[in-house]
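First the structure, in the form of structure tokens, and then the observations on it.
The values are calculated or read from the model by the stated rules, or taken from the named source; none is laboratory data. Treat the numbers as computed from the prediction; the structure is a model and nothing was measured. Here the Cβ is made from the backbone with ideal geometry for all residues, glycine too, and neighbour counts use every protein chain on show. The accessibility values were calculated without ligands, DNA or RNA, using every heavy atom of the protein model including side chains. Shrake-Rupley method; radii C 1.70, N 1.55, O 1.52, S 1.80 Å.
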Amino acid sequence: NGTFSICAYAPPPPPPACGSTVYDPGGAAADYANGANFTATYCPTTAGDVVTINFTAFITEAGFDIVTIYNGPTTASPIFGTYSGTTNPGSITSTAVGGCLTLTFTSDASITYPGWTANITCGTPPPPVNACGTTVYDTGGSGGNYTNNQNYIVTYCPVSPTHVVTLNFTAFNTEAGLD
């Protein structure tokens, strides 16, 4: 003779679908809480599409309350970038097989802010750039510096499937170990 209990629980809801607006764990009207630990994966509903996260508002405690975007379906996927403070990450589009993006948000034990709001959209991936025979630059262009919290990914493809692409860097100067 033993005792037992039966527990029923509802699984967490799936992340919002394409065309949705998502918020930090504080929601649309409140600051996020201390000690937040949030992870969501967004995948397209149509095979061949990719997910884009477009941040429309962004303010967290710089260096302590951090959003990380991963290019794929898990936190083991390559990192697009980590973001905090007041520099809006802007629009980030998956280049991963399957088109998914994973977002994590963590906050420390003190100081909270309004957080972030982002739109989740899905669509066909942008076409690759054919830049053969040209000079390409970072987002600062030929005479400027790139800005903080940049997330810049470009795919270069050869003009013929039998060719390969070679990048020859003629200048390279970034912040060591951080950029």
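Figures for the structure shown
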quantity	calculated
First in region 69-92 and over 12 Å from ALA57 (Cα atoms), second anywhere and of a type in the set (A, V, I, L, M, F, W, C) and modelled with pLDDT under 90, Cβ under 6 Å, 6 or more apart	ILE69/PHE80; ASN71/PHE80; ILE92/PHE80
Residues located in region 68-110, provided they are among the aliphatic types (A, V, I, L, M), modelled with pLDDT of 95 or more and surrounded by fewer than 14 Cβ atoms within 10 Å (Cβ to Cβ)	ALA76, ALA109
Count of region 19-32 residues which are open to solvent by less than 60 Å² (accessible area, probe 1.4 Å) and part of a loop (DSSP other than H, G, I, E, B)	5
